[in-house]
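The values are calculated or read from the model by the stated rules, or taken from the named source; none is laboratory data. Bear in mind that the values here come from a model prediction, so they are computed numbers and not experimental data. Cβ placement follows ideal geometry from the backbone for every residue including glycine, while neighbour counts extend to all protein chains displayed.
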Amino acid sequence: MLGRLVAGRPGGPIAPPVPIDAVLAGDDSPLGLTRLLCGRDSPAREAALARYLQHRAIACSRHRFSRPEGGGESFAVDLGEGDRTLVLCAHHDAVAGSPGANDNAAAVAILLHLIPRLPPLIPRGWRVRLLFTAAEEIDYLGARCYVADTPVQEVEGVLSLELCGIGDAVALWDVESETPFLRRVTAALDRAGLIRDASYHVVGRIPMFGSDHRAFAAAGRPAYGFTMVPVAYAEDLRRFVLSPVRSTFRNLVRRPPPFRTYHTAGDALETLEPDALRRAAAALTAVVVGLGDG
């Protein structure tokens, strides 16, 4: 569907992936960890993520699924021991023909970076589940299967990370109504010094785009997309996401970032912005800390 419409712009030859051993021997900065998945096809990305979790001795639960339209394995890392759960998810698959740096190696890297850093910050009574889903590019298949097979009543809210490697502002999207979880998230961003409608934005349902949070929303849980966007392109982005088909044909040569490389061979490591990854990690950390307020 839309993926086909916005894909296919030339991006040059795809660089070979960084050897996994080199990634494992490197630092665990968000930018460094994007090399774990970038440039690999979806099965290889899944295997690389499993190897990373095993190498770091990170306990996880695994959810393997197979459906006529596709299959794969998702991984869940639980931090904290409370009864109330925040889910932060990022899909590890990529579309064929794209290195998948911003979609979605950057988001996976941010969550991996946070694993050793979040536990002392999680408020009492809360659990943070980092969910790495498979087959998001097949209509959120991995998340839909996970929600179908896993009790989600204790989930108080979900943020799914998409396109988190380019931009200087946070966008929370698919927000259709005010919820206690949304108030908790925005209050946390306010306390962290972000300014609404400047360094973070709250926007409504985005037609023809989506991500794993929609599987949780369909199960009645408050769930939103989390994306980094460049403030300088705010108006171009607004037009693009609200009318993507029309904008795609109008802007075949030059789409606004981060969609300039979305689903293309140009979605490469060198297009990522280290500050964007750091800002995303800081915003998510603020959200976790803020769970204890209110």
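Here are the numbers:
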{"quantity": "Some residue of segment 146-164 being in contact with a Leu (Cβ under 8 Å, 6 or more places away or on another chain), at pLDDT 95 or above, of a type outside the set (Gly, Ala, Ser) and over 19 Å from ARG127 (Cα atoms)", "calculated": "yes"}
{"quantity": "The listed residue being buried (at least 18 other Cβ atoms within 10 Å of the Cβ) and in contact (Cβ under 8 Å) with a residue 24 or more places away in the chain, out of ARG51, ARG56, ARG45", "calculated": "ARG45"}
{"quantity": "Test: residue in segment 146-160 that is of a type outside the set (Gly, Ala, Ser) and within 26 Å of ARG255 (Cβ to Cβ)", "calculated": "yes"}
{"quantity": "Matching entry among ALA57, ALA47 (being at positive phi, hydrophobic (A, V, I, L, M, F, W, C) and at pLDDT 95 or above)", "calculated": "ALA57"}
{"quantity": "Unique residue being among the charged types (D, E, K, R), at pLDDT below 90 and touching a Lys or Arg at 6+ places or on another chain (Cβ under 9 Å) when the list is ARG255, ARG238, ARG214, ARG205", "calculated": "ARG255"}
{"quantity": "Residue check for PRO230: within 26 Å of ALA134 (Cβ to Cβ) and either at pLDDT below 95 or surrounded by fewer than 22 Cβ atoms within 10 Å (Cβ to Cβ) (or both)", "calculated": "no"}
{"quantity": "Residues satisfying the stated conditions in segment 137-152, i.e. part of a loop (DSSP other than H, G, I, E, B) and of a type in the set (Phe, Trp, Tyr)", "calculated": "TYR140"}
{"quantity": "Meets criteria (assigned to a helix (DSSP H, G or I) and buried (at least 24 other Cβ atoms within 10 Å of the Cβ)) for ALA106", "calculated": "yes"}
{"quantity": "Failed item in (1) surrounded by 20 or more Cβ atoms within 10 Å (Cβ to Cβ); (2) in contact with a helix residue (DSSP H, G or I) (Cβ under 6 Å, 6 or more places away or on another chain); (3) part of a helix (DSSP H, G or I); (4) modelled with pLDDT of 85 or more, with ASP267 passing the rest", "calculated": "(3)"}
{"quantity": "Residue in segment 6-21 that is on the phi < 0 side of the Ramachandran plot, assigned to a helix (DSSP H, G or I) and at pLDDT below 95 present", "calculated": "yes"}
{"quantity": "Segment 112-136: number of residues that are in a helix (DSSP H, G or I), without any contact (Cβ under 8 Å) to a residue 60 or more places away in the chain and in contact with a Leu (Cβ under 6 Å, 6 or more places away or on another chain)", "calculated": "1"}
{"quantity": "Residue tally, condition assigned to a helix (DSSP H, G or I) and touching a residue at least 24 places away in the same chain (Cβ under 8 Å), over segment 22-42", "calculated": "10"}
{"quantity": "Among residues of segment 59-75, those that are surrounded by fewer than 18 Cβ atoms within 10 Å (Cβ to Cβ) and either in a strand (DSSP E or B) or among the aromatic types (Phe, Trp, Tyr) (or both), counted", "calculated": "7"}
{"quantity": "In segment 194-205, the residues that are surrounded by fewer than 18 Cβ atoms within 10 Å (Cβ to Cβ) and either within 18 Å of the chain's Cα centre (by Cα) or assigned to a loop (DSSP other than H, G, I, E, B) (or both)", "calculated": "ILE195, ASP197, ALA198, SER199, VAL202, GLY204, ARG205"}
{"quantity": "Residue list for segment 60-93, filter: at pLDDT 95 or above and in contact with an Asp or Glu (Cβ under 7 Å, 6 or more places away or on another chain)", "calculated": "ARG62, HIS63, ARG64, GLY72, GLU73, ARG84, THR85, LEU86, CYS89, HIS91, HIS92, ASP93"}
